Amino acid sequence: MFRRPILLLATILLGLVAAGLLAVGAFPPAVSPAPVERVMPNDRFQTR
C-alpha cells in the first residue's frame, strides 16, 4: 500500500510524541506539596 511503511510509522510515532508533550505542557499535572523534613542534630538524642 505504502512504499515506505517504516517512514510512515516513524512519522506517526513522532506525531504522537509531539502531541503528548504539548498536552503535558498545556495541562501540567498537579504538584502535591510535601512537608519539609529537617534533620535533627545528633546531640539532642544523646544521653547526659
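Overview of values
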item: F27 vs. criteria aromatic (F, W, Y) and at pLDDT below 85; result: no
item: Yes/no for G15 being at pLDDT 80 or above, part of a helix (DSSP H, G or I) and loosely packed, with under 10 Cβ neighbours inside 10 Å; result: no
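The values are calculated or read from the model by the stated rules, or taken from the named source; none is laboratory data. These numbers were taken from a predicted model, which means no experiment stands behind them. Reconstructed Cβ throughout: ideal geometry from the backbone, glycine too, with neighbour counts over all protein chains shown.
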